[in-house]
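To keep things clear, I will list the structure first and then write my remarks on it.
The values are calculated or read from the model by the stated rules, or taken from the named source; none is laboratory data. All values derive from a computational prediction rather than experimental measurement. Every residue, glycine as well, gets a Cβ built from its backbone with ideal geometry; the counts of neighbours run over all protein chains shown. Heads up: the accessible areas ignore ligands, DNA and RNA and are worked out on the full protein's heavy atoms, side chains in. Shrake-Rupley method; radii C 1.70, N 1.55, O 1.52, S 1.80 Å.
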Amino acid sequence: MAGRLLKVSSLATAVFASSGFYLYSRQLDLNDLSVVRFGRAAATTAVISYDYLTAFKHVEHGTNEYWAIKSKVHRRSAERLRDLCCANRGTFIKVGQHLGALDYLLPEEYTSTLKVLHSRAPQSSMEEIQQVIREDLGKELSELFVSFEEKPQGAASLAQVHKAVLHDGRTVAVKVQHPKVQRQSSKDIMVIEVLVRAVHWLFPDFAFMWLVEEAKKNMPLELDFLNEGLNAVKVSNMLADFPFLKVPMIHWDLSTKRILTMEFAEGGQVNDRDYMKKHDINVNEISENLGKIYSEMIFVHGFVHCDPHPGNVLVRKCPQSKKTEIVLLDHGLYQVLQPDFRLDYCRLWQALINSDMSGMERYSRRLGAGDLYPLFACVLTARSWKAVNAGISSVPVTHSEDVEIRTNAAQYLPQISELLNRVPRQMLLLLKTNDLLRGIETTLQTRASSSSFINMSRCCIRAMSCSLHSTTTVRKTADLKVVQKIIDTLHEFRLEIKVLKPGGKVERFRIQDV
């Protein structure tokens, strides 16, 4: 028996020694090992879960002490989650950034803590960048560029961007994917799914499987930079009528699934008021134009840029025309809205803007909110139920209302989780987009301006009138009343709608041209 134990121990020693020598000789980063990444994530999840399970044992629910302790637990847990994302990098940072953008859906302790992940993204070495370019483009940097800045212009969770100059003198931005992200992403998502399921088992009210489902669907798209280039071309053509929008041109001959080379565009971040003041840029004009861009995407075309955080939206004075421009970057993630969903979403916003409570309930239910339609209206608008009833276009936003909403977000987290699991998947990225845009408006101090609601209404009515014109004819006299009501309500928008009446007669509802 002793002899067998000696043999086993000797074999184990040899295996560990040879493994250690192999790892040392390969200079392998332990962070690349799946077991290390999983162990770190599991340990963090266990510590956070234990904290929530034990922190409230001797505190009465609903007291001031209870809420104070809960805020501290939220803060500790958010910091642990942030540290995990920074340690595991890649997909973990991307998911953490997504959570940090969910203002009014998650407690403030989480969103404020996780927002720093936008500036804590990993950075690949110059050797790694050169290797990716060599593998994908088959040439050395010197063969492709006259100059290539080693310090990146910016680093994100999946890639980093370098400024370079082509041999014909044009300045470009070269987006290069971190070399290990592609290999690790599917395993990371699997780890996140396992741990989220475990937390849901411990805390049934925690229902964030929608986050895992979105990551599964969207991560492969975001890791394909050719798809990002195609999205950029599509949105540039789609919104060509907006002279204030700039989408950098793609250099297809220098682009692959892991490399995207595009026209270099300088500018300040859309939430940088000091930059705007220095360059004589009107914040109200920027806010209004940004609203026009996204209203057009969402309500009219149903093709929506879903990552408008400030690093992806720049403002500048055009070098040629000297007019103010909005530069839209990072086209990796777009949401394609189904026609029926888009029209119901249009009708819901029209009801919210016009204080039509029966319409608000009807279209909220059609979008999957069910009996949680009041909560859905509050989440969608980031307004209190009182403001929704009074009319979000007529009641100004106040600091006390914002505080009330954040407090309710923490108090009604189980109901919010249930709501997010009920609504269609395409609604989730729209909610994230709404929150990011709302954050920009808050920083610019232009939130809930009347012009934004007017632009939204115009786009909603255009979408609905186009739907009537292109998909059906109005065959019943009763339907004419519906059309007439829309026109009466929105007379100022100056539309023309033709309706085919029984017998083939065309009745034209005309509103004076602009």
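When you look at SER147, is it among the hydroxyl-bearing types (Ser, Thr, Tyr), in a helix (DSSP H, G or I) and farther than 21 Å from LYS217 by Cβ, yes or no? Steps first, answer last, please.
Numbers: among the hydroxyl-bearing types (Ser, Thr, Tyr): yes; in a helix (DSSP H, G or I): no; farther than 21 Å from LYS217 by Cβ: yes.
For SER147, the condition - among the hydroxyl-bearing types (Ser, Thr, Tyr), in a helix (DSSP H, G or I) and farther than 21 Å from LYS217 by Cβ - is not met.
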Fill in the blank from the handout: Of the listed residues (GLU296, GLU361), the one being modelled with pLDDT of 90 or more, closer than 27 Å to ASN271 by Cα, among the acidic types (Asp, Glu) and out of contact with any Gly (no Cβ under 6 Å at 6 or more places or on another chain) is GLU296
Practice task
Report those helices (runs of 4 or more DSSP H) wholly inside region 45-137 carrying at least 3 residues which are at pLDDT below 85 and open to solvent by 10 Å² or more (accessible area, probe 1.4 Å).
Solution key: 91-100
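Would it be correct to say that GLN426 is open to solvent by 10 Å² or more (accessible area, probe 1.4 Å), modelled with pLDDT of 80 or more and not charged (D, E, K, R)? Give the derivation first.
Working: open to solvent by 10 Å² or more (accessible area, probe 1.4 Å): yes; modelled with pLDDT of 80 or more: yes; not charged (D, E, K, R): yes.
The answer is yes for GLN426.
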Practice task
Using the structure shown, decide if CYS306 is crowded, with 16+ Cβ neighbours inside 10 Å and in contact with a strand residue (DSSP E or B) (Cβ under 6 Å, 6 or more places away or on another chain).
Solution key: yes
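Inside region 208-290, counting only helices (runs of 4 or more DSSP H) that do not spill past its ends, which hold 2 or more residues that are closer than 20 Å to LYS180 by Cα and at pLDDT below 90?
On the way: elements: 209-222, 225-238, 273-278.
Per the criteria, 209-222.
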Completion exercise
Within region 325-358, residues touching a residue at least 12 places away in the same chain (Cβ under 8 Å) and among the hydroxyl-bearing types (Ser, Thr, Tyr) come out as TYR334, TYR345, SER355
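Just need a number here: residues in region 180-218 that are closer than 13 Å to ASN88 by Cα and not β-branched (Val, Ile, Thr). It would help to see each step written out before you state the result.
Taking region 180-218 first, the residues closer than 13 Å to ASN88 by Cα are 180-181, 184-185, 187-189, 191-192.
Still in the list and also not β-branched (Val, Ile, Thr): 180, 184-185, 187-188.
Qualifying residue count for the region: 5.
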Exercise for the section: Could you identify the single residue in LEU114, LEU102 that is closer than 23 Å to ARG76 by Cα, free of Cβ contacts under 8 Å to residues at least 60 places away in the same chain and of a type in the set (A, V, I, L, M, F, W, C)? Expected result: LEU114
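Filter region 116-161 down to the residues that are among the charged types (D, E, K, R) and under 30 Å from LEU102 (Cβ atoms) and list them by number.
From region 116-161, those among the charged types (D, E, K, R) are 120, 127-128, 134-136, 139-140, 143, 149-151; that's our starting set.
Across region 116-161, the qualifying residue is only ARG120.
Scan region 61-72 and give yes if some residue there is β-branched (Val, Ile, Thr) and touching a helix residue (DSSP H, G or I) at 6+ places or on another chain (Cβ under 6 Å), otherwise no. Step through it out loud before you land on a result.
First, the residues of region 61-72 that are β-branched (Val, Ile, Thr): 63, 69.
The next check asks that each one be touching a helix residue (DSSP H, G or I) at 6+ places or on another chain (Cβ under 6 Å); those that pass are none.
No, region 61-72 contains no residue that is β-branched (Val, Ile, Thr) and touching a helix residue (DSSP H, G or I) at 6+ places or on another chain (Cβ under 6 Å).
Does at least one position in region 352-364 carry a residue that is more than 22 Å from MET427 (Cβ to Cβ) and surrounded by fewer than 20 Cβ atoms within 10 Å (Cβ to Cβ)? Full working, then the answer.
Step one: list which residues in region 352-364 are more than 22 Å from MET427 (Cβ to Cβ), which gives 355.
Filter once more, so that each one left must be surrounded by fewer than 20 Cβ atoms within 10 Å (Cβ to Cβ): 355.
Taking every residue of region 352-364 in turn, at least one turns out to be more than 22 Å from MET427 (Cβ to Cβ) and surrounded by fewer than 20 Cβ atoms within 10 Å (Cβ to Cβ).
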Practice task
Output the residues belonging to region 365-396 that are surrounded by 18 or more Cβ atoms within 10 Å (Cβ to Cβ), over 20 Å from ARG425 (Cα atoms) and either hydrophobic (A, V, I, L, M, F, W, C) or modelled with pLDDT of 90 or more (or both).
Solution key: ALA387, VAL388, ILE392
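Which residues, taken from region 60-79, are β-branched (Val, Ile, Thr) and touching a residue at least 12 places away in the same chain (Cβ under 8 Å)? Steps first, answer last, please.
Quick first cut of region 60-79, residues β-branched (Val, Ile, Thr) only: 63, 69, 73.
Answer for region 60-79, where residues must be β-branched (Val, Ile, Thr) and touching a residue at least 12 places away in the same chain (Cβ under 8 Å): ILE69, VAL73.
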